[in-house]
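S.K.: Below: one structure in structure tokens.
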Amino acid sequence: MRVTLLVNPSAGSGGAGRAADRVATSLRTVADKLDVRVSRNADHAKAIASAAVAEGIDVLAVLGGDGLVHLGANACAQSSTALAVVPAAPATTSSVRSACPNAPTPP
């Protein structure tokens, strides 16, 4: 399975950046190939996500807030790429917990 982990390092008051190594370590246990990409801004994140999906990755994992989840969802729409959400910001965590009440608590 080919996975791209897209990180917004400033999400969650910097929590996403601090958690990126732990998340990547976990993903490596299931991914044949993992590409970790850190975004500089929204346009950069959109370009990374779009390019990864165009390359035919199996999973786009996003570690960030609502904005990154939105970009990831749009990039994966109309494709066979699955979106994995690793929430890092409080509002994103609440949204994920509302949709998936048994979801694990993020780092």
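S.K.: All other residues with a Cβ under 13 Å from the Cβ of LYS46 taken together, and with Lys, Arg as +1 and Asp, Glu as -1, what is their net charge?
M.R.: Value of the local net charge: +1.
S.K.: With a 10 Å Cβ neighbour count serving as the proxy for reagent exposure, in which order, fewest first, do LEU63, LEU5 appear?
M.R.: LEU5, LEU63
S.K.: Pull up all non-local amide H partners of ALA61: gap of 5 or more, or a different chain, and H-to-H distance under 5 Å with H placed in the peptide plane.
M.R.: Close amide H contacts, sequence-distant or interchain: THR4, LEU5, LEU6, ALA84.
S.K.: Sort LYS46, LYS33 so the one with the fewest other Cβ atoms within 10 Å of its own Cβ comes first.
M.R.: The most exposed by this proxy come first: LYS33, LYS46.
S.K.: Cβ under 12 Å from ALA31's Cβ, ALA31 left aside: what net charge do those residues give with Lys, Arg +1 and Asp, Glu -1?
M.R.: The answer is 0.
S.K.: Still on this structure: Past the 15 angstrom mark, what percentage of all C-alpha to C-alpha distances in region 15-96 do you count?
M.R.: That tail contains 55 percent of the Cα-Cα pairs.
S.K.: What order do you get for ASP32, ASP58 when you list them from fewest to most C-beta neighbours inside 10 Å?
M.R.: In increasing order of surrounding Cβ atoms, one gets ASP32, ASP58.
S.K.: Just to check I understand the Karplus step: with θ = phi - 60° and J = 6.51 cos²θ - 1.76 cosθ + 1.60, what whole-Hz values come out for region 53-58, glycine and proline as x?
M.R.: 5, 4, 6, x, 4, 7
Values in this text are rule-based calculations from the coordinates and carry no lab data. Note that the coordinates shown come from a computational prediction; the quantities given were computed from them, not determined experimentally. Positions of Cβ are backbone-derived with ideal geometry, glycine not excepted, and every protein chain shown enters the neighbour counts.
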